[in-house]
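Notes follow once the structure below has been shown.
Computed from the coordinates by the stated procedures, all read-outs in this text should not be read as laboratory data. Values in this document were obtained by computation on a predicted structure and should not be read as measured data. Here the Cβ positions follow ideal geometry from the backbone for every residue, glycine too, while neighbour counts run over all protein chains shown.
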Amino acid sequence: MNNFPSVFEAISDLSKDQIEGLLILAKKYKDRSYDKSDFTNRIPIVANSFLENSTRTKNSFAIAIKKLGCHYLDFNTETSSLKKGESLEETLLTLYSQGVDLCIIRTSVSHHFSEFKNNAPIKIINGGDGTNQHPTQALLDLFTMTELGIDLEGKTMAIIGDCVHSRVGHSLMELLPLFGCKIILCGPSGFVPESSDNDSIEISNDLESTVKRCDFLYTLRIQKERHSGTDQTKHYETYHDKYGLNKERLEKWNKNVPVFHPGPANIGIEISSDLMKSNLYKGYDQVVNSIHMRMAIITSILSNNDKNIGIIDGQRIRD
Ligand code: ASP
């Protein structure tokens, strides 16, 4: 896709037209009306580098890469020279020199890729950076919503849980308002911001009144790994009683609405097992659609014709 960013870090890197283009391409992949990409000159090499744990994102990228017919490199960061203190930039330039075209990276450092935006050592897709962004998750969520026939214009969605520390939440807050969707961030203080200066985003500490106003719900895992040294831990014990979603609650509040979750879920905390086993739960649809949306994103970045990659002192390291 022309002008698709070579370092895709955040939803704000894309125009609405580009996002709509991704939805169309993902749909074609899903309907198999589009064959795997036609790599005429050379088959691209795509690396998956996860510097933080992952089940869904890493595997879905791996499957998407293989379905597209690209060569796949599982770049094991635990056994790489990153552990000897090599910088991320040096590591990426090395991968690029070896012929890798694109690297999907997850890191615990927020904004880790911003420094590469004007001088990309390799093409990069953000697979989640700290608490900042998880743009491919939000895009696959949007794709899932469209697949379920949800028209976002004029609708309201709650994001329930640890919105402050969730990169998924941050990406959704940028993405869904572009399509006319209002968002209510709901959770205890410390999990939601105190206020919002964005007209499309409201803040609430009350689950019942929030859920009753919403057309669909998105619930988040408590990001315990990001709470050390904070007083957020005080919410853990009472969390399900105050903010957990379960079937009984939704029935009592007369809400027969789709419930999304990016996974992994902590069952019995933010969501009950009975709700996850019901047809309201859309977590598995999100996983299914993740492959097609990630195929669309990979194709778009690989085909952006950007020649300004891997430049050292004015010279490209390789063709
Ligand atoms: N899998 C998502 C992420 O990597 C959500 C989560 O971990 O809670 O951000």
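Counted by neighbouring Cβ atoms within 10 Å, the residues 162, 199 run from fewest to most as 199, 162. Computed about its Cα centre, the charge dipole of region 164-263 is approximately 320 debye, with only Lys, Arg, Asp and Glu carrying charge at their Cβ. The stretch between residue 196 and residue 31, if pulled fully straight at 0.36 nm per residue, gains 55.5 nm over its current Cα-Cα span.
Net charge near residue 310: determine it from the other residues with C-beta under 9 Å of the C-beta of residue 310, scoring Lys and Arg +1 and Asp and Glu -1.
Values: positive: 316, 318; negative: none.
So the surrounding residues net to +2.
Between residue 208 and residue 277, the contour length at 0.36 nm per residue exceeds the alpha carbon distance by 22.7 nm. Pairs 16/242; 27/224; 27/252; 182/234; 30/282: which are spaced more than 27 Å apart, C-alpha to C-alpha? Correct reply: 16/242; 27/224; 27/252; 182/234. In loop segments of region 1-108 as defined by DSSP, there are no chymotrypsin sites (Phe, Trp or Tyr not before Pro) with at most 11 further C-beta atoms inside 10 Å of their C-beta. With 0.36 nm allotted per residue and the present C-alpha distance subtracted, the residue 317-residue 233 stretch has 25.4 nm of extension available.
Pairs of Cα atoms nearer than 8 Å and 6+ residues apart set the relative contact order; for the chain it is 23 percent.
The residue among 261, 179, 229 whose Cα reaches farthest toward the positive pole of the charge dipole of the chain, with charges on the beta-carbon of Lys, Arg, Asp and Glu, is 261.
Here the chain is treated with +1 on each Lys and Arg Cβ and -1 on each Asp and Glu Cβ, and its dipole about the Cα centre works out to around 880 debye.
In plain terms, the residue of 250, 142 with the fewest other Cβ atoms within 10 Å comes first and the most crowded comes last, giving 250, 142.
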